[in-house]
Structure formats: structure tokens, C-alpha cells
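Asker: Provided herewith is a single structure, encoded as C-alpha cells, for subsequent inquiry.
The values are calculated or read from the model by the stated rules, or taken from the named source; none is laboratory data. Everything numeric in this text was worked out from a predicted model, so none of it was measured. Cβ sites come from the backbone with ideal geometry, for glycine too, and all protein chains shown count toward neighbours.
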Amino acid sequence: MPVLPKKLLLLGASFQTARAARRLKRHRSAVPEQQKAYCELTAQFAATAFGRETGITAGIGYEQFRTRVPLRGYEQFAPYIERMKRGEADVLWPGRCAFYAASSGTADGHTKWLPVTEQMMVHFRQAGLDSLFFYTARVGHAGVFHGRHLFLGGATAVTRIPEARPFLAYGGDLSCISALNLPAWIERHFYEPGIAIAQMPDWPAQLAAIVARTRRLDITLLAGIPNWLLILAEALRTGTSRSRGRLANLQTIWPNLECILHGGVPVGPFQDELREAVGPNVNFHEVYPASEGFIAAQDADPAAGLRLLSAAGLFFEFLPMSVFHETLPAALGAKAVPLEGVTTGVDYALLLTTPAGLCRYVIGDVVQFVSAEPPRLIYIGRTQLQLSAFGEHLVEKELTDTLAKVCQRHGWVIVNFHVAPLFSNSLTGQLRGRHEWWIELKPGSVATPTGLLLASLLDVELSARNDEYAAKRKVNGLEMPLVRLVMPGVFEHWMRYHHRWGGQSKMPRCRSDRQIADELTGIARFDTS
């Protein structure tokens with residue numbers, strides 16, 4: 001099939017921008033879109049082994065579906081996925097599946113193999129384009145399509161899965177799988193850094209190759225996880241023009257750069273440094289992607305939350321965290337609600353039903369709706385990554401926002417951090433404790449604080465944000481936090497050791513145990529004074 005000239009694609013982008021703007025004004029379209037997705041997905045599940053086992057039939061009503069089909073995590077789907085990897089047809093989804101996205105998440109680090117069916121690739125392409133047109137509709141033009149789009153993906157190349165033989169099954173980062181399945185027009189006119197570089201398994205080598213290939217191109221959009229975008233920006237700024245020294249920002253290299261598309265982790269701790277690195281006139285555009293599906297994208301001011309991608313082929317459900325339990329007892333299924341049942345201000349565990357064959361899948365994310373009409377939400381944290389060893393019930397977002405606010409107020413730049421409980425016995429034998437913060441700040445900007453000063457500031461800010469934390473502090477159920485300011489390279493060492501050093505890996509921000517903290521203890525040199 002011939003590839004359309006770019007001029008025609010630009011006309012199409014302008015048309016789609018206007019269409020997206022009209023669609024985003026229709027606030028009451030999301031529920032019918034979700035009902036359509038539900039009907040289409042359940043009809044497909046009815047033709048699978050999984051559907052027959054769980055009683056999913058074509059035309060099944062939602063109330064029956066909700067009470068009949070239990071919630072599942074990855075462990076419950078793993079036996080089905082193993083059968084699919086070996087070539088068995090019609091297991092979780094009609095037909096066979098040849099591609100599997102490797103995802104370690106942020107909770108336990110164990111690799112998950114998530115099916116990527118042909119229909120799932122259609123979802124990712126559609127949702128990716130929708131998120132881009134949310135951006136162009138928001139800024140009022142399609143100028144971002146005049147140049148090339150650089151996606152900073154993962155560092156796990158697509159390779160054959162040995163245990164799948166004789167069936168030909170392949171696994172790797174979702175970004176790499178997507179690159180291999182791009183439409184010809186995207187690959188020719190927009191996609192960077194090219195398939196060969198995207199497939200390089202060595203992250204430092206991939207980074208060097210990206211710098212060498214793209215520094216002279218017309219890049220208008222740069223996409224990735226904020227902390228890895230900063231590493232790319234530093235490599236470009238120091239390596240592009242050695243004779244003139246470090247360049248001011250990425251717009252010096254790419255004058256037409258207009259959009260930073262970011263997601264994966266909250267941008268707050270990195271926003272000021274990222275703004276300095278990319279340039280003053282670049283727009284930030286937030287998306288909410290996961291290996292299990294593309295969930296939401298920014299359509300308005302960042303404070304308004306992210307618009308649920310209700311028309312991209314996924315069916316969403318939401319389980320109140322007040323009833324959530326990690327063991328996923330059978331009764332939980334009936335307590336989840338579809339989109340029309342959500343309430344703003346409530347923390348929900350996110351459930352996905354997808355054209356990859358995952359049905360009522362608990363992905364481990366916690367979200368909260370800012371608005372029901374239109375449906376906009378914010379990411380709160382992970383179901384397993386919360387800090388509540390002493391009954392304080394702190395979530396990842398509160399910890400991240402607290403540290404970001406304190407550091408922005410004082411001009412300190414965050415490189416990485418992790419928070420864990422630290423237990424101690426009082427004189428009465430009662431178990432007491434405190435939070436132990438492991439923080440790496442960027443040296444050389446503003447004078448680095450002492451650990452004691454930072455601990456005091458974090459304590460005041462957290463008390464203002466979280467009533468339960470404040471109550472625990474007031475009655476001495478929690479002691480003052482302990483802040484360990486670690487030397488540069490500690491978090492990098494930990495991430496390299498756990499094979500998380502590369503374009504889409506994330507550092508767990510908190511745990512209610514000391515699994516990560518004890519490992520950091522063996523690595524770190526720090527200052528708590």
C-alpha cells in the first residue's frame with residue numbers, strides 16, 4: 001500500500017484536530033462509548049475458553065457480568081497466558097497471540113508477560129492518536145505534525161520466547177513491540193528514533209545512538225518518562241556542541257520543539273528542571289499509559305485531571321479502595337462500578353477489560369475522579385505501594401507532592417527518592433516508628449539542606465496534607481521523619497542491579513516494608529545531620 005504524502009497527512013491532522021475539539025465539548029458521550037466497548041468485548045470473550053469457564057455469553061447483562069466474573073490479578077491470568085505463549089488458540093481472546101509485553105511494574109519487580117493481540121495494537125494506535133489530538137485541540141493547531149516525534153521507549157528488545165517453541169512467540173518492551181507494528185505512514189513521516197535504535201537492548205548505547213541520529217532532525221514532539229527525558233536532555237545538551245560547551249536547552253537544538261508528552265510517573269518532582277532543560281516555550285502534555293492499556297490523556301489545564309479514553313476499546317471499572325483487599329475475594333466483583341457509578345473524590349482501584357483478553361484485571365493503580373462529566377481522573381498511586389505501617393494511610397501521590405512542594409519552595413532539585421517505615425521499641429515496649437526518607441538531590445544549584453532541616457519541612461507539609469498522619473504525629477504515634485540524603489549514584493546502582501536502568505523503568509516511591517530500604521542501606525553513603 002503506498003504511503004500518503006505528508007501534505008495530505010497534515011490536512012488530515014488539521015481535520016482531526018477540529019473533530020477532536022468538537023468531541024471533547026460533548027461531555028455526555030463517555031458512558032455510551034463505554035457501553036459499546038462492553039458489548040463488543042464480552043461478545044469476543046464468549047468465544048474463548050476463559051469466557052466459557054466464567055460464564056460470559058454474548059449479550060450478557062452487566063449485572064450478571066459483575067456478579068459472575070471475579071476480579072483477577074496477574075497471578076490468576078498467568079496460567080492462561082502460558083497456554084497462549086505456547087500457541088494455543090482461543091484461550092483469553094479469539095485466535096493466537098504472537099507478541100507479549102514484558103512489564104515489571106513497580107511493586108515486586110517480577111516480569112509479567114502481557115498479551116498484545118492484533119486488536120490490542122489497534123487500541124494502542126487509536127489511543128495514542130487520540131491523546132495527540134487532545135493536545136492539538138487544546139492548543140488550537142496541528143503544528144506538532146510538521147516535524148518528527150521522538151519516543152524514548154524501553155530497553156528490552158523484542159526476542160523470541162524460548163519456552164514457547166515450537167510456536168513463534170516474541171516478548172519485549174511494549175514500546176519496541178509497537179515500533180515493529182507501526183503503520184508505514186507513521187514510520188516514514190514521524191517516528192523516531194527508528195526501529196533499529198528502539199530495539200537496542202543496551203540503554204547507554206541506545207541513548208548515544210538517539211543523540212547521534214536526532215540532533216540534526218526537526219523534532220517537534222518528545223515523549224517519555226520525565227526522569228529519563230532529563231537524562232536524554234543532558235546527553236543532548238552536553239554532546240551536541242562540545243566546542244561551545246553545554247547548550248541552554250533543547251530548543252537550541254530543535255527550534256520547532258513544541259510538545260513534551262510525559263507519563264508513567266508524576267511530573268511534579270521533575271517539572272522545574274525539565275522546563276529548564278527543554279525551553280520556555282514548550283508545552284507539556286500528560287498521558288496515562290500502561291502496558292495493560294492506554295487509560296487517559298490531558299485535555300485541559302493540568303489541574304483538571306486527565307480525560308478518560310472512553311472510546312478507545314477498553315472497558316473500565318472502579319473498585320472503592322475502602323473495600324479493596326489484595327487477596328481479591330470473590331465478593332469484591334459485585335462491589336465494582338462502571339463509569340456511570342463513580343463519585344468524585346473517592347479512591348478507586350482501577351479494573352480493565354481489554355482486547356488482549358484481560359477481563360476485570362486489577363492493574364494495581366489507584367485513581368480518583370476530579371470530574372464525572374466529563375470523566376477526568378488523577379493517578380493516586382499503587383494498591384501495593386502505600387505507607388501505612390503505623391495506620392497513617394499515606395499514598396504515593398501525597399509523598400511525591402509533599403517532597404516536590406518542599407523542594408520547589410527552596411530551589412532544591414530532586415533526582416530520586418524512596419520512603420519506608422523504620423520501627424523502634426519504646427521504653428514501654430510499644431512498637432513505635434517513623435518514616436525513613438531516602439533522597440538524592442541534584443548538587444550544584446542551591447545549597448543542599450541538612451537531613452534534619454528537610455525532615456522538619458516534610459513533617460510540616462505532610463501534616464497539612466494528611467489528617468491521619470497529623471493525628472499520629474500529635475499523639476506521638478509517629479516520630480519525626482528521618483531523612484537520609486544519599487550520595488549521587490545510589491539509586492542508579494539499585495536500578496542497575498534490578499535491571500531497571502532504561503527508558504521506561506520506574507523507582508518505587510514507597511513500601512510498607514523495608515525490602516527496598518534495606519537494600520539501599522547496603523549501598524548508600526548518606527547524611528542525616
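Asker: Which residue pairs have Cβ atoms closer than 8 Å, lie 6 or more positions apart in sequence or on different chains, and pair a first residue in the range 260-272 that is within 14 Å of THR400 (Cα to Cα) with a second residue that is assigned to a helix (DSSP H, G or I) and of a type in the set (Val, Ile, Thr)?
Answerer: Close Cβ pairs (under 8 Å, with a partner that is assigned to a helix (DSSP H, G or I) and of a type in the set (Val, Ile, Thr)) amount to PRO266/THR400; GLY268/THR400; PRO269/THR400.
Asker: For the range 62-83, what are the residues that are within 23 Å of the chain's Cα centre (by Cα) and closer than 11 Å to GLY333 by Cβ?
Answerer: LEU71, ARG72
Asker: What about GLU317, is it under 20 Å from the mean Cα position of the chain (by Cα) and of a type in the set (Asp, Glu)?
Answerer: Considered against the rule, which asks whether it is under 20 Å from the mean Cα position of the chain (by Cα) and of a type in the set (Asp, Glu), GLU317 comes out as yes.
Every residue, every condition in (1) within 30 Å of GLY140 (Cα to Cα); (2) touching a Lys or Arg at 6+ places or on another chain (Cβ under 6 Å); (3) buried (at least 22 other Cβ atoms within 10 Å of the Cβ), yes or no:
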{"site": "GLU192", "(1), (2), (3)": "yes, yes, no"}
{"site": "MET200", "(1), (2), (3)": "no, no, no"}
{"site": "ILE231", "(1), (2), (3)": "no, no, no"}
{"site": "GLU234", "(1), (2), (3)": "no, no, no"}
{"site": "THR238", "(1), (2), (3)": "no, yes, no"}
{"site": "PRO255", "(1), (2), (3)": "yes, no, no"}
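Asker: Can you tell me which of (1) farther than 15 Å from ALA296 by Cβ; (2) surrounded by 20 or more Cβ atoms within 10 Å (Cβ to Cβ) is the one VAL342 doesn't meet?
Answerer: Failing condition for VAL342: (1).
Asker: Moving to a separate point now. Out of (1) closer than 23 Å to GLY153 by Cβ; (2) modelled with pLDDT of 95 or more; (3) hydrophobic (A, V, I, L, M, F, W, C), the odd one out for ALA235 is which?
Answerer: That leaves (2) as the condition not met.
Asker: So, one more: Of the numbered conditions (1) under 16 Å from the mean Cα position of the chain (by Cα); (2) surrounded by 19 or more Cβ atoms within 10 Å (Cβ to Cβ); (3) on the phi < 0 side of the Ramachandran plot, GLY364 fails exactly one; give the number of that condition.
Answerer: The one condition GLY364 does not meet is (3).
Asker: Loosely packed, with under 15 Cβ neighbours inside 10 Å, at pLDDT 90 or above and part of a loop (DSSP other than H, G, I, E, B): does that describe ARG246?
Answerer: Spelling it out, it is not the case that ARG246 is loosely packed, with under 15 Cβ neighbours inside 10 Å, at pLDDT 90 or above and part of a loop (DSSP other than H, G, I, E, B).
Asker: Can you confirm whether the range 408-416 contains a residue that is under 18 Å from TYR469 (Cβ atoms), surrounded by fewer than 21 Cβ atoms within 10 Å (Cβ to Cβ) and in contact (Cβ under 8 Å) with a residue 40 or more places away in the chain?
Answerer: No: the range 408-416 contains no residue that is under 18 Å from TYR469 (Cβ atoms), surrounded by fewer than 21 Cβ atoms within 10 Å (Cβ to Cβ) and in contact (Cβ under 8 Å) with a residue 40 or more places away in the chain.
Asker: Go through the range 305-337 and report how many residues are outside any loop (DSSP other than H, G, I, E, B), touching a Lys or Arg at 6+ places or on another chain (Cβ under 8 Å), in contact (Cβ under 8 Å) with a residue 40 or more places away in the chain and under 19 Å from VAL366 (Cβ atoms).
Answerer: 6
Asker: So in the range 53-75, with the set limited to residues that are among the hydroxyl-bearing types (Ser, Thr, Tyr) and not in a loop (DSSP other than H, G, I, E, B), which one is surrounded by the most Cβ atoms within 10 Å (Cβ to Cβ)?
Answerer: My answer is TYR74.
Asker: Now for a separate question. Pick out, from the range 376-489, the strands (runs of 3 or more DSSP E) lying fully within it that include 1 or more residues that are β-branched (Val, Ile, Thr) and within 30 Å of GLY341 (Cα to Cα).
Answerer: Strands (runs of 3 or more DSSP E) meeting the threshold: 376-382.
Asker: For residues that are assigned to a helix (DSSP H, G or I) and in contact with a strand residue (DSSP E or B) (Cβ under 9 Å, 6 or more places away or on another chain), scanning just the range 249-267, find the one that is nearest to ILE225 (Cα to Cα).
Answerer: Residue satisfying both the conditions and the ranking: LEU250.
Asker: Can you tell me which of LEU92, LEU114 is assigned to a loop (DSSP other than H, G, I, E, B), touching a strand residue (DSSP E or B) at 6+ places or on another chain (Cβ under 9 Å) and more than 20 Å from PHE318 (Cβ to Cβ)?
Answerer: LEU92
Asker: Identify, please: which residue in the range 493-516 is within 17 Å of TRP228 (Cα to Cα) and small (Gly, Ala, Ser) and is, among those, modelled with the lowest pLDDT?
Answerer: GLY503
This table checks each residue for (1) modelled with pLDDT of 90 or more; (2) closer than 25 Å to TRP494 by Cα.
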| site | (1), (2) |
| --- | --- |
| LEU427 | no, no |
| ALA447 | no, no |
| LEU458 | yes, yes |
| GLU468 | no, no |
| MET480 | yes, no |
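Yes/no matrix, rows are residues, columns are (1) touching a residue at least 24 places away in the same chain (Cβ under 8 Å); (2) touching a Ser or Thr at 6+ places or on another chain (Cβ under 8 Å):
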residue: PRO449; (1), (2): yes, no
residue: LEU462; (1), (2): yes, yes
residue: ALA470; (1), (2): no, yes
residue: VAL475; (1), (2): no, no
residue: TRP494; (1), (2): yes, no
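Asker: For the range 320-361, how many residues are among the acidic types (Asp, Glu), more than 18 Å from the chain's Cα centre (by Cα) and farther than 26 Å from VAL122 by Cα?
Answerer: 1
Asker: Same structure again: Out of everything in the range 143-179 that is surrounded by fewer than 21 Cβ atoms within 10 Å (Cβ to Cβ) and without any contact (Cβ under 8 Å) to a residue 24 or more places away in the chain, what residue ends up being farthest from TRP501 (Cα to Cα)?
Answerer: Step by step, filter the range 143-179, then rank; the result is ARG165.
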